[in-house]
Structure formats: C-alpha cells, structure tokens
Amino acid sequence: MSAPAVKSLKPEIALKRAWGPARLHPLPLRIMHWINAAAIVIMIGSGWRIYNDDVLFGWLQFPDVLVIGKWAQYGLQWHFFGMWIFVLNGIAYLGYGIATGRFRRKLFPIRLREIFATVGDALRFRLTHEDLAVYNAVQKILYLGVILVGILIVITGLCLWKPVQFSELASLFGGFQIIRLIHFLCMSAIVAFIVVHVTLALVVPQSFVAMITGGPNVNGGPALVAEPARVAAPTPVAEPTRPAAPTPDSSPSDSSQ
Ligand code: HEM
C-alpha cells in the first residue's frame with residue numbers, strides 16, 4: 001500500500017529546508033567571501049615582493065613589513081599559492097552568484113537616477129545603510145567593478161606567467177610591459193576598493209557582523225519552515241458567522257479550503 005501521509009515537498013521548499021532559513025548572507029557566500037579576503041592579502045603582499053625586485057616606477061618600492069616572502073622567489077611561490085585559491089574560489093563565487101540569481105537580485109538593475117541620488121547623499125554625508133538587504137547604486141557599481149577587475153587581473157596574470165602559451169591573449173593587450181602595467185593598475189584598483197570597502201564595513205558595524213553571522217533571515221525563511229503547520233491550522237474567522245442552531249452534519253474537522 002502507498003503511504004498518502006508522506007507528501008513530496010515543492011522543490012524550492014525542499015531546497016530551502018535542506019539549507020535552513022535563508023539568511024542575508026548565506027553560509028556558502030560568507031565562506032567564499034572570507035577565503036577571497038585571505039587570498040587577496042596573500043596575492044597583494046607577495047605581488048609587492050615580486051614587484052620590488054623589478055620595479056615599474058623608480059619612485060615606488062613597497063616597505064619590507066608589508067610584503068610576503070623573504071626574496072622574490074619566495075614571493076613568487078606565495079603568489080602562485082594565493083592564485084590557485086583566488087581563482088578556484090572566484091570561479092565558485094561567480095558560479096554561485098549566477099546559479100542562485102544572487103547577482104541578478106542584488107547587483108542589478110543599476111539606474112542612473114539612483115546613482116546620482118546615492119552620490120548626492122554621500123556628498124552631503126547623508127548616506128545610510130539601514131536596510132542591509134539592499135545594496136545602494138554605489139555599492140552595486142563597486143562590487144560589480146571589483147568582480148570585473150578580479151577577472152582582468154587573473155587574465156593579465158596568466159599572460160605574465162605563461163607568455164608563450166597565452167601569446168594570442170597577450171597580443172590583445174600589446175607588449176609584456178603593458179600587461180605588467182595593467183596588472184599593476186588592477187592591483188591598485190583592488191587596494192583602493194579594499195580601503196573604501198573595509199572603512200564602510202567598520203562605519204556600519206552591523207554589516208560587518210552580518211558578513212560573519214549571516215545576518216537576519218530574509219525571504220520568509222522561518223515562514224517556510226512553519227508553512228505546513230500554517231496550512232493545517234483551523235481558521236477561527238469563520239466561527240462567529242456560523243448559525244446559532246446546531247446542524248446534525250456539522251463537523252469540527254471540516255477544514256477544506
Ligand atoms: C578584510 C577585509 C574585508 C572586509 C572586512 C569585508 C567586509 C564585507 C562586508 C561587511 C560585506 C557586506 C556588505 C554589506 O552588507 O553592505 C562585504 C561584501 C562584499 N565584499 Fe567584502 N570585505 C573584505 C574584503 C573583501 C575583498 C578583498 C573583496 C574583493 C576583492 C571583497 C568583495 C566583496 C563583495 C563582492 C561583496 C558583495 C558580496 C555579495 O553580496 O555577493 N571583500 N564585505
């Protein structure tokens with residue numbers, strides 16, 4: 001005999017139940033975010049070590065306390081180590097953002113009017129981040145921008161690492177020194193992003209805490225867990241409108257919808 005009591009859940013409900021209530025920053029996203037932050041520190045510190053050995057600008061040397069690796073060769077090894085983490089984690093983050101629709105929901109659309117309004121608020125020191133679930137236009141641009149710069153820095157890095165194997169790609173950029181310059185400018189953009197990003201995270205500490213704990217439940221997380229109980233619950237609204245006289249066929253278990 002079949003068991004009619006065991007009903008199959010709708011796929012989206014089953015999925016959400018398996019993952020638990022939806023959080024502002026779901027666990028996979030938080031893990032990838034912090035792995036990325038660690039990888040970036042390794043990449044930048046070791047990159048500065050490699051740069052110091054053959055500088056692009058005579059006036060710029062990074063202080064020894066900020067670099068990773070005692071010599072350029074060690075710096076290079078650290079750089080490759082960080083590179084694998086950054087690239088594999090980055091692919092996972094991009095795949096997750098696209099597959100779950102997070103990028104579409106959180107980073108789009110970006111409206112020109114919204115950009116002007118946000119920049120205006122920022123200039124008048126009126127920028128707030130009261131609703132953590134919504135990124136303002138400037139945040140959307142910064143996040144999308146750093147994702148694109150992250151992709152470009154990997155591509156130029158590959159051209160610097162394997163100039164022969166990636167010669168076709170390298171020829172798109174021009175010479176080796178131009179690729180080095182673009183790689184350096186991408187690094188500078190990421191460093192500038194981190195300065196602004198970390199400052200904002202500290203100015204709005206609840207956003208920082210949410211990136212660690214996951215933040216509040218969103219998208220009806222708890223409601224989804226309680227959903228079957230709500231469906232089965234009696235509807236007391238109908239009670240006062242019942243006729244006063246008892247009818248022989250009335251039944252308390254009549255909960256049809
Ligand atoms: C230790 C340094 C870092 C801290 C303290 C930090 C903190 C945060 C916080 C608090 C948020 C949530 C923002 C919000 O709710 O408004 C966030 C999101 C984000 N961070 Fe960071 N972050 C750091 C490093 C980085 C780095 C190095 C990158 C990339 C280069 C990065 C890229 C992002 C992106 C793309 C998001 C949006 C994620 C999404 O919603 O999909 N972060 N970060």
Per-residue HN-Hα couplings for region 44-60, Karplus 6.51 cos²θ - 1.76 cosθ + 1.60 at θ = phi - 60°, whole Hz, x for Gly and Pro?
6, x, 6, x, 5, 5, 5, 4, 4, 6, 8, 6, 8, 10, x, 7, 10
Residues with amide H under 5 Å of residue 23's amide H, sequence separation 5 or more or different chain, H placed in the peptide plane at 1.01 Å from N; which?
218
From Cα pairs below 8 angstrom and at least 6 apart in sequence, can you work out the relative contact order of region 127-217, rounded to a whole percent?
27
D (µm²/s, integer) via Stokes-Einstein for region 32-170, Kirkwood Rh across alpha-carbon pairs, 37 °C, 0.692 mPa s: value 187
Computed over the Cα atoms of region 26-100, the Rg and Dmax in Å are 14.8, 46
Classify region 71-129 from the C-alpha gyration tensor, please: rounded if a/c falls under 1.5, else prolate or oblate depending on whether a/b exceeds b/c.
oblate
Kindly list the residues of region 46-68 that lie in the label zone of residue 202, defined by a backbone N under 18 Å from the point 7 Å along the Cα-to-C-beta vector.
66
Expected unfolding gain across residue 194-residue 112 under the 0.36 nm per residue rule, minus the alpha-carbon gap, is 27.1 nm
Cα-based equivalent ellipsoid, region 156-199: semi-axes from gyration tensor eigenvalues, Å:
26, 9, 7
Column: log10 I(q)/I(0), Debye, Cα scatterers of region 127-217, q = 0.19, 0.21, 0.23, 0.25 Å⁻¹
-0.86, -0.97, -1.09, -1.22
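Laboratory data are not the source of any read-out in this text; all were calculated from the coordinates shown. Since we're looking at a predicted model, the values are computed, not measured. Heads up, the Cβs are rebuilt from the backbone with ideal geometry, glycines too, and the neighbour counts pull from every protein chain shown.
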